[in-house]
Amino acid sequence: MKPEEAWNIAYSQMEIQFDRASFETWLRGAAFLGFEAGVFRVGVGNAYARDMLQNRLYRDVRRVVSDVWGERVELCFEVYKPPAPASGDEDLPLFRLLARQAAENTPLHQKIGRPVRPDLPESELNPRFTFQRFVVNSANRLTVEAALAVAESPASVYNPFLLYGGVGLGKTHLLQAIAHACRERGLRAIYIPSEAFTNDLVDAIRQKTTAMFRDKYRSADVLLVDDIQFIAGKESTQEEFFHTFNTLYTFNKQIVLASDRHPGQLHTLEDRLRSRFGGGLIMDLQPPEFETRLAILEMWAEERGVKLPPGVAETIANRARTNVRELEGIFNQIVATSQLSRRALSVDVAQGVLDGYRRPRHHVTLARVLDVTARYHGVSVSELTGPRRTQKLTLARQIGMYLAREVTQASLPQIGEAFGGRAHSTVLHSCNKIAEDLETDELLRRGVETMQKELFGGAD
Ligand code: ADP
Ligand code: MG
């Protein structure tokens with residue numbers, strides 16, 4: 001494998017594995033520059049990102065790149081100016097292709113740009129995170145309508161507006177959509193992940209520029225703070241945030257927050273902050289249903305000029321059920337694989353990628369899956385792997401295979417082997433059947449969740 005290819009693969013894996021805010025803030029657009037003597041040289045957009053990657057994220061990035069490259073490597077991050085995209089899309093690495101397509105889809109007024117006010121801590125917004133690109137469905141309709149209302153009349157309807165939900169469900173997307181809409185109307189909207197807010201504060205304290213720090217944030221018409229669960233437990237940040245919050249609120253400015261859980265469950269959050277949050281509107285985001293996942297995939301495919309043959313979208317949507325970010329990662333990987341290998345996109349290509357797809361972070365063994373599944377169903381492991389085919393045993397087996405596929409690193413044949421030498425097509429059939437049933441069967445879903453929790457709880 002060429003070093004550049006290795007970097008590109010590592011890049012798409014980091015997109016799936018890393019927390020979205022970190023990826024978007026520090027890694028988005030990071031490009032391969034060169035490789036010498038075991039060192040990958042990587043170009044990034046600014047000195048802030050370079051320092052962050054060189055110091056705080058170094059080991060995480062190195063681990064992913066080393067895994068792909070096959071031996072331990074070192075990294076060197078440099079600030080660089082990305083070249084203007086050449087013609088001939090096929091030759092561009094996937095992410096540059098994406099960035100370029102996003103740029104081409106940017107409305108004219110954004111390309112021309114408004115005069116930039118100096119000293120604005122606004123982080124760049126992702127041009128793809130707009131309301132137009134957010135697929136609305138019955139489960140998230142009210143939340144999106146509330147977000148639209150906030151964007152249309154900041155500080156008059158719901159203030160603060162707090163959005164919460166699990167990873168990869170579109171919190172950052174909606175926050176930035178509000179920011180885009182406000183900026184389009186000339187308002188000063190500051191979007192900032194709470195981690196960056198904290199860093200900024202720590203710097204300000206160190207350099208004795210806290211007054212400037214306050215002015216910056218308090219000059220916002222709309223302040224959007226992402227992932228506020230990270231400020232829970234950090235006292236000085238909470239203190240500063242509380243004052244910023246009060247000032248903005250008093251001057252009738254809009255505050256929008258996102259958290260990965262309900263503020264009531266952020267246990268180390270100061271009470272006075274919690275009650276402030278509770279004074280506005282709190283809305284949640286739920287995982288999208290099957291049809292919505294299909295609609296999202298269709299939208300991405302259309303944007304990228306990719307044709308999805310029958311069955312491909314269904315195959316992907318069946319796999320990533322609870323997390324749109326994962327859906328996106330899988331989709332990107334499938335498109336990249338078909339482009340790099342110059343094979344037409346098909347159910348086979350998709351299935352091949354899914355078979356090799358590694359779920360990050362969990363290292364659960366097949367033996368554990370057998371054990372937990374057997375115990376949950378009140379059968380023995382030898383019955384589970386044996387030849388008998390009562391209704392109860394067959395279902396338990398199918399669920400076990402599904403779990404194995406979800407939480408272990410094992411391939412289909414390995415799973416078949418562990419379940420008493422069953423064919424790999426049987427495993428695939430079982431996984432698809434359970435994935436389908438999970439859509440409608442609440443009881444099954446709860447059972448699977450319970451077993452997953454037990455598996456992760458015991459393995460982490
Ligand atoms: P979170 O901040 O909740 O972890 P993100 O906002 O980063 O999640 O969303 C993850 C990815 O999924 C993004 O690329 C986002 O555009 C996409 N996404 C999530 N929900 C939707 C949706 N309803 N329609 C379109 N894209 C979505
Ligand atoms: Mg986010």
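The values are calculated or read from the model by the stated rules, or taken from the named source; none is laboratory data. Small disclaimer: the values here were computed from a predicted structure and weren't measured. Please note: Cβ atoms are built from the backbone with ideal geometry, for glycine as well, and neighbour counts cover all protein chains shown. Just the protein is used for accessible areas: all its heavy atoms, side chains included, with ligands, DNA and RNA removed. Shrake-Rupley method; radii C 1.70, N 1.55, O 1.52, S 1.80 Å.
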Problem set entry | Selection count, the range 140-173, where residues are in contact with a strand residue (DSSP E or B) (Cβ under 6 Å, 6 or more places away or on another chain) and within 16 Å of ligand 2 (Cβ to nearest atom) | 8
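One line per residue, one yes/no per condition, for (1) open to solvent by less than 50 Å² (accessible area, probe 1.4 Å); (2) within 27 Å of S156 (Cα to Cα):
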site	(1), (2)
E240	yes, yes
A258	yes, yes
L281	yes, yes
E291	no, no
L294	yes, no
R304	yes, no
E326	yes, no
For this session: Give the residues of the range 15-50 that are among the acidic types (D, E), over 27 Å from K171 (Cα atoms) and surrounded by 19 or more Cβ atoms within 10 Å (Cβ to Cβ), sorted by residue number.
Result: none
Problem set entry | Test: L308 is in a helix (DSSP H, G or I) and not hydroxyl-bearing (S, T, Y) | no
For this session: Could you tell me which numbered condition M299 fails, if it satisfies all but one of (1) open to solvent by 30 Å² or more (accessible area, probe 1.4 Å); (2) away from ligand 1 (no atom under 13 Å from the Cβ); (3) in contact with a Lys or Arg (Cβ under 8 Å, 6 or more places away or on another chain)?
Result: (2)
Seminar exercise, completed: Among residues of the range 8-65 being of a type in the set (V, I, T) and either within 19 Å of the chain's Cα centre (by Cα) or part of a helix (DSSP H, G or I) (or both), the residue farthest from ligand 1 (Cβ to nearest atom) is V65
For this session: Kindly indicate which of L403, L395, L438, L444 is open to solvent by 30 Å² or more (accessible area, probe 1.4 Å) and among the hydrophobic types (A, V, I, L, M, F, W, C).
Result: L395
For this session: Hey, could you check the range 129-154 for residues that are open to solvent by 20 Å² or more (accessible area, probe 1.4 Å) and aliphatic (A, V, I, L, M) and say which is farthest from ligand 1 (Cβ to nearest atom)?
Result: A149
Seminar exercise, completed: Selection from the range 155-193 of residues among the small types (G, A, S) and within 12 Å of ligand 1 (Cβ to nearest atom) yields G165, G166, G168, G170, A177
Problem set entry | Exclusive hit being hydroxyl-bearing (S, T, Y) and in a helix (DSSP H, G or I), set T337, T322 | T337
For this session: State whether the residues of the range 437-444 include one that is touching a Leu at 6+ places or on another chain (Cβ under 7 Å), in contact (Cβ under 8 Å) with a residue 60 or more places away in the chain, within 20 Å of I316 (Cβ to Cβ) and not assigned by TED's automatic domain parsing to the domain that holds S12.
Result: yes
Exercise. Do the conditions hold for Y249, that is, is it out of contact with any Lys or Arg (no Cβ under 7 Å at 6 or more places or on another chain), within 19 Å of A151 (Cβ to Cβ), of a type outside the set (A, V, I, L, M) and part of a helix (DSSP H, G or I)?
Worked result: yes
